[in-house]
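Written out below as structure tokens is the structure these notes cover.
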Amino acid sequence: MLRNRPAGRSGRIYLLLAPLAAFVTVWRLGSALAAPQPPAPKTAEQVFKNIQVMKGIPVDDFMGSMGIMCAALGFDCSDCHTGAGTVKVDWAADTPKKVRARKMVQMMTAINRDNFSGRQMVTCWSCHHGRDRPATTPTLEYMYGPASQEMDDVLTQMPGQPEASQIIDRYLQAIGGVERVAAVKSYAAHGTGVGFGGLGGGGRVEIFARFPDQRATFIDFPKNPERGRTLRTYDGHEGWLETPLTVLGKYPLTGGELDGARLDAQLSFPAQIKEALSNLRVSMPVTISDLPAPASQAASDISMTAFGQDRLVNVVQGTGPRGILATLYFDQESGLLLRVVRYGRSPIGRVPTQVDYGDYRDVNGVKMPFKLVFAWMDGRDAIQLSDIQTNVAIDAAKFAPPPEPAARH
């Protein structure tokens, strides 16, 4: 019998799903008329072996689907893939759980097709909710306990709430005013980072951004070279991801993570929030807190705390590139942006990516967050910046596809 696992286990699937992270991806900016057309994106079955059900979807959407399964069932890679976490992994080998998973995907697809006109209303999470076997009987603790705090993915404008523009304008004023914020056209930041569970502690972090939609993040580990490196680049047109200890290593983004990468780059310059997101609406205020941290990460030199506990926030949601949803949480007291959650797509449910912001400091008249905690379906990175320089020249090569790593001797 499979055992239930406690919350937070999704971080342990780091070996396979780190490509989902995409927390600061960068794309190539160029003229659509002058630049050559990129090759058609490869689909899951063109890249991986023995794909039988989820065919015809971009590679990053397929990887997101793996994250949904792991979160919904409380699994990690090794529960379904032979030898995962070892040098003898066989990703293509069929196992009883993989065979069952295919049948469950087909069943879920049929339910949505036959009952909801194909809309994605039922997902893995709908029934499993973090358990390998769905619960069938309600408990009295649930019956008489606190109401569920889970929010809907898609929010609507609630009566009695302020307009989204008022909340965003207050945020822009809180960080320096529209004029000063709009004057920032680039920045370069340096700091340190730690991965989920303390993995790769002492990581060296560099972040580069250039208006309106270019962004890159570089993470390496001088004290732990075996950890490899993480590079995420978006140059305004193309996005790439390279992560260590994963199935693909390096690949271009073409699906939902491409849309997320572009949105991350656009939101790097807050003055354009209203242009980056359409159909803005305000839901009911909620209280949010930092994500729990495993002891190994909480004890690291880099704190997992971004903004603390029980912060009352205004909730604004909008629609980004190609229909991607993004929910922004603004502190009611200070007006500052504390959290962004964006939802990528997959055939079996939306894929959430969350970035928490804290430690706002003045940088040439504009308050910028020096603390970022980026969480995705297979882990998270805590980043503490030490310096940020604005309006600096940035080499275009920073936003190009990741170069080949130097040979290690």
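The values are calculated or read from the model by the stated rules, or taken from the named source; none is laboratory data. Not measured: the values here are computed from a predicted model. FYI the Cβ positions are ideal-geometry reconstructions off the backbone, even for glycines, and counts take in every protein chain you see. Just the protein is used for accessible areas: all its heavy atoms, side chains included, with ligands, DNA and RNA removed. Shrake-Rupley method; radii C 1.70, N 1.55, O 1.52, S 1.80 Å.
Numerical summary
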quantity: Surface share of carbon and sulfur [accessible, 1.4 angstrom probe, percent] for region 92-166; calculated: 57
quantity: Theoretical gain in end-to-end length, SER278 to ALA183 [0.36 nm per residue, Cα-Cα removed]; calculated: 31.9 nm
quantity: Hz values of 3J(HN,Hα) by residue in region 80-94 - Karplus curve (6.51, -1.76, 1.60), Gly and Pro given as x; calculated: 10, 10, 4, x, 4, x, 10, 6, 10, 5, 10, 5, 7, 4, 6
quantity: Packing-based order for 321-334, 375-388, 121-134, using average beta carbon neighbours within 10 Å, highest first; calculated: 375-388, 321-334, 121-134
quantity: Extended-chain gain in nm, criterion 0.36 nm per residue less alpha-carbon gap, GLU206 and ARG322; calculated: 38.9 nm
quantity: Distance in nm between pseudo-label sites at ASP359 and ARG133 (7 Å out along the Cβ direction from Cα); calculated: 4.5
quantity: Proximal charge balance of GLU179 [Cβ under 15 Å; K/R count +1, D/E count -1]; calculated: +2
quantity: Ellipsoid equivalent to region 259-409 - semi-axes via the Cα gyration tensor, in Å; calculated: 25, 21, 19
quantity: Candidate aspartates and glutamates for bridging to LYS88, where Cα separation is under 19 Å - those fewer than 8 sequence places away on the same chain excluded; calculated: ASP76, ASP79, GLU226
quantity: Those chymotrypsin sites (Phe, Trp or Tyr not before Pro) in region 56-120 that DSSP places in a loop and that have at most 11 other beta carbons within 10 Å; calculated: PHE116
quantity: Cross-link pairs beyond the 24 Å C-alpha cut-off, checked among LYS185/LYS274; LYS250/LYS398; LYS274/LYS398; LYS55/LYS98; calculated: LYS274/LYS398
quantity: Sulfur and carbon atoms: percent of accessible area, region 218-345 [1.4 Å]; calculated: 53
quantity: Length added when fully stretched, THR287-THR82, from 0.36 nm per residue minus Cα-Cα; calculated: 69.7 nm
quantity: Distance (nanometres) between label positions extended 7 Å along Cα→Cβ at SER117 and ALA93; calculated: 4.6
quantity: Furthest towards positive pole of dipole, PRO270, THR353, ALA326, structure part region 259-395, Cβ charges; calculated: ALA326
